[in-house]
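Participant: There's a structure below that I have some questions on.
Coordinate-derived values only; no laboratory data. The shown structure was predicted, so the numbers you read here are calculated from the model rather than taken from an experiment. For neighbour counting, all protein chains shown are included, and Cβ atoms are generated from backbone atoms with ideal geometry for every residue, glycine included.
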Amino acid sequence: MNRLSSHSPLIAACHQRRVRLARSIQAMTGRGVVILSTAEEKPRNRDSDFPYRHDSDFFYLTGFDEPGATLVMLVQETSFETYLFCRAKDLEREIWDGFRLGPEAAPEILNLDKAYPNQEINQKLPEFLANQPAIYIRLASNAHLDQQIRDWVGQVRQQARVGINAPEIFHDVEALLHEMRLFKDPQEIETMRQAAAISAQAHIRAMRSCKPGKSEYQLEAELLYEFRYRGAQSVAYNSIVAAGANACVLHHRAGAAELFDGELCLIDAGCELNGYASDITRTFPINGRYSASQRALYDITLAAQQAAIQETRPGKAFMDPHHAAVRVLTQGLMDEKLIKLNEVGSLDNAIEQGAYKRFYMHRTSHWLGMDVHDVGSYREPGINTEPHQEKPWRVLKKDMVLTIEPGLYIRPAEDIPKVFWNIGIRIEDDAVVTDQGCELISRGVPVDPLEIEAIVRS
């Protein structure tokens, strides 16, 4: 944090985000107070905390990654002021736990109007809330903060006899912030490109280290090494390393399972770099050669992904890539006799009946950004619909980022040929919606089966 400066691109971007948020509030209520806290440290066990990770919304607006801080924006009709409450400087604690920016340095470094030590928050907030019409907070997400806000508003109400009014309206600030976060700015997209490049190299490293007799956790170790060696701060989510039948468990954690000759290994893993996630899945043969049945299902999944990629462009609905992938997957399952034509009648019937869901039970895409399952509505916001009628799916637009990840998971069953038993395949890439289509930022690791075989054998 001490390496930041007020001239850094991150701090400049955070300021512009606060400007946009303030303008949204001015359009809604004219004036208001934003109160947003970051994450607290959490104990793991005695004398040890979990690795700290900031709150995404808070970091999006501040670029500040220290625990226990609160952002306050005082929005007026034509201007706004930004305040930070953070940990005071403490030489003894800094000797043990590390550098603290402190309220004295924070305004210049973070481009804020003023900063205060946390101890002053109960004194200052009633002052900020006086004669404000609205409060913008995360509703019912933090019991401690909710109680604090009730106390602060209560103090303001006690001044009613001297003509000071308390806020009467509470808005969910997430509704505004998450709409903003759905569209990435150039700096965010570049950071995500870098994260995807690191993750791609980690996948290649894991493939190259793969051989029969190793364990899932050993491949996970290769991923973690590459993430940290190339500068990523953490994993974006718990890595999935699934050998053999474990690949049919969608969220299988890397364990002690052995990698066997003739089976597949599915790795779903991505790093987090400077607060932004990557998310890549590849499925490869442990011995470096896909069997005929493995290759048949892999080719179907890859064709389904390509069909989804073609539908990932401005003007298309969020579910259009999924529908395209489902159509290819279902036809492939029928071609391999895993779905019986005489039982479903036609491809359209099979899709309508959901016959594919036995083998493909998840959606093809999700938003990606600061969180691996990033924020933002999947339905069009602000569209009036009839009661009990769902809003239409979101229309894709430039600078949205989403994953494209079809898969097939074949569990043993009497009506399934044994050559397909326990085959789980998923192929996932990260896509930035562009003017004409999408950019796949995670193809630093190939999807072509011949290239994958060559990497594993190398």
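Participant: Using a simple charge model, +1 on the beta-carbon of Lys and Arg, -1 on the beta-carbon of Asp and Glu, nothing else, what dipole does the chain show about its Cα centre, in debye to the nearest 20?
Facilitator: Result for the chain is approximately 140 debye, rounded to the nearest 20.
Participant: With θ taken as phi - 60° and the coefficients 6.51, -1.76 and 1.60, list the Karplus ³J(HN,Hα) couplings across segment 248-258 in order, rounded to whole Hz; mark glycine and proline as x.
Facilitator: 8, 9, 4, 10, 5, 7, 4, x, 8, 4, 7
Participant: Now for a different question. Ranked highest first by average number of other Cβ atoms within 10 Å, how do 433-439, 314-320 line up?
Facilitator: The most tightly packed comes first, giving 314-320, 433-439.
Participant: Further question: Using θ = phi - 60° and the Karplus form 6.51 cos²θ - 1.76 cosθ + 1.60, what ³J(HN,Hα) does each residue of segment 193-203 get, whole Hz, x for Gly and Pro?
Facilitator: 4, 5, 4, 5, 5, 4, 5, 4, 5, 5, 4
Participant: What is the sum of charges around Glu94, taking Lys and Arg as +1, Asp and Glu as -1, for the other residues whose C-beta is under 12 Å from the C-beta of Glu94?
Facilitator: So the surrounding residues net to 0.
Participant: Could you state the principal axis extents of the C-alpha atoms in segment 186-457, from the largest down, to the nearest angstrom?
Facilitator: Between the extreme Cα coordinates on each principal axis of segment 186-457 lie 58, 53, 30 Å.
Participant: To the nearest 10 degrees, how steep is helix 320-335 against the longest Cα principal axis of the chain, on a 0 to 90 scale?
Facilitator: 20
Participant: Let me understand segment 302-437 better: what is its radius of gyration from the alpha carbons, and its Dmax, in angstrom?
Facilitator: When restricted to Cα atoms, segment 302-437 yields Rg and Dmax of 16.6, 51 Å.
Participant: Which of the GluC sites (Glu not before Pro) across segment 77-109 are loop residues per DSSP, with 15 or fewer other Cβ within 10 Å?
Facilitator: Glu77
Participant: To the nearest 0.05, how large is the calculated FRET efficiency for Met361 and Glu258 if R₀ is 35 Å and r is the Cβ-Cβ distance?
Facilitator: Calculated value: 0.85.
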